[in-house]
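**Q** What follows is a structure written as structure tokens; I'll ask about it next.
The values are calculated or read from the model by the stated rules, or taken from the named source; none is laboratory data. What you see is a predicted model, and the numbers here were worked out from it, not measured in a lab. Note: ideal-geometry Cβ built from the backbone for every residue, glycine included; neighbour counts use all protein chains shown.
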């Protein structure tokens, strides 16, 4: 693993929370990102459903610099992955097991999360070379599933997405997750569509506080 990719993997774990941004327009993205940063959440995954997603990544990195750690999500094919890398994505995320995306990530020095659901799929993603396993959808699985999964497979670096809430985020970290992806439970569509940015920041603070409390307890901090 080259140094840049290794450093980005470390930063992703330190970031802890990846906010999954599905904006309705390119113009919404700066306000969303700024609101999240004000609340302490620096991990930003801009999905391909966002109009001009690669441009959104590029402009977000240019506007916020190192304050934000910006990646691309919902990548389903190599063309999307290349577009994301060209836009400056610092990590790549697929909701499914797509080994074809791995060479793109390696060449770009970019960490990659490959989607999986079952123990067999999780192990396959690991053996293929994924830096992290995106456990998706995690809403029907929960922290207990992660704990059971990691008992025989402790080498897996699991990042659950779907069903992570401010009430259970700490439980996911206690179960051994290295980070979590958070979508609609944080980025509420009605708030974004009505520009309720202060509400988004307030909820981001709560998520970040729960993350810090869980990780401080785990490390004895």
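**Q** Just the residues that are part of a loop (DSSP other than H, G, I, E, B) and under 16 Å from residue 193 (Cβ atoms), please, taken from region 20-50.
**A** If the condition is that a residue be part of a loop (DSSP other than H, G, I, E, B) and under 16 Å from residue 193 (Cβ atoms), then 22, 23, 24, 25, 49, 50 are the ones that fit.
**Q** From the list 135, 149, 156, which residue is in contact with a strand residue (DSSP E or B) (Cβ under 6 Å, 6 or more places away or on another chain), modelled with pLDDT of 95 or more and over 23 Å from residue 213 (Cβ atoms)?
**A** Details: 135 fails: over 23 Å from residue 213 (Cβ atoms); 149 fails: in contact with a strand residue (DSSP E or B) (Cβ under 6 Å, 6 or more places away or on another chain).
Of the residues listed, the single one that is in contact with a strand residue (DSSP E or B) (Cβ under 6 Å, 6 or more places away or on another chain), modelled with pLDDT of 95 or more and over 23 Å from residue 213 (Cβ atoms) is 156.
**Q** Looking at (1) surrounded by fewer than 20 Cβ atoms within 10 Å (Cβ to Cβ); (2) outside any loop (DSSP other than H, G, I, E, B); (3) touching a residue at least 12 places away in the same chain (Cβ under 8 Å), which is the one condition that is false for residue 80?
**A** Condition not satisfied by residue 80: (1).
**Q** Only one of 95, 119, 111, 99 is touching a helix residue (DSSP H, G or I) at 6+ places or on another chain (Cβ under 7 Å), buried (at least 19 other Cβ atoms within 10 Å of the Cβ) and at pLDDT 95 or above; which?
**A** 111 is the lone residue from the list that is touching a helix residue (DSSP H, G or I) at 6+ places or on another chain (Cβ under 7 Å), buried (at least 19 other Cβ atoms within 10 Å of the Cβ) and at pLDDT 95 or above.
**Q** Just checking, how many residues over region 118-132 are farther than 30 Å from residue 201 by Cβ and assigned to a strand (DSSP E or B)? Walk me through it before giving the result.
**A** At the first step, the residues of region 118-132 found to be farther than 30 Å from residue 201 by Cβ are 118-130.
When the remaining residues are screened for being assigned to a strand (DSSP E or B), the result is none.
Total meeting the criteria: 0.
**Q** Of all residues in region 3-19, how many are within 22 Å of residue 162 (Cβ to Cβ) and either modelled with pLDDT under 95 or assigned to a loop (DSSP other than H, G, I, E, B) (or both)?
**A** 1
**Q** Please find, within region 1-38, the residue that is surrounded by the fewest Cβ atoms within 10 Å (Cβ to Cβ) out of those that are more than 15 Å from the chain's Cα centre (by Cα) and under 16 Å from residue 184 (Cα atoms).
**A** In this case the residue turns out to be 24.
**Q** Just the residues that are surrounded by fewer than 21 Cβ atoms within 10 Å (Cβ to Cβ), closer than 16 Å to residue 16 by Cα and touching a strand residue (DSSP E or B) at 6+ places or on another chain (Cβ under 9 Å), please, taken from region 184-209.
**A** 208
**Q** In addition: Within region 122-132, track down each residue that is surrounded by fewer than 16 Cβ atoms within 10 Å (Cβ to Cβ), touching a strand residue (DSSP E or B) at 6+ places or on another chain (Cβ under 9 Å) and over 17 Å from residue 95 (Cβ atoms).
**A** Here is the first cut: in region 122-132, the ones surrounded by fewer than 16 Cβ atoms within 10 Å (Cβ to Cβ) are 127-129.
Now narrow it down to the ones that are touching a strand residue (DSSP E or B) at 6+ places or on another chain (Cβ under 9 Å): 128-129.
Correct list: 129 only.
**Q** Only one of (1) on the phi < 0 side of the Ramachandran plot; (2) in contact with a strand residue (DSSP E or B) (Cβ under 8 Å, 6 or more places away or on another chain); (3) surrounded by fewer than 20 Cβ atoms within 10 Å (Cβ to Cβ) is not met by residue 88, so which one is it?
**A** Condition (1) is where residue 88 drops out.
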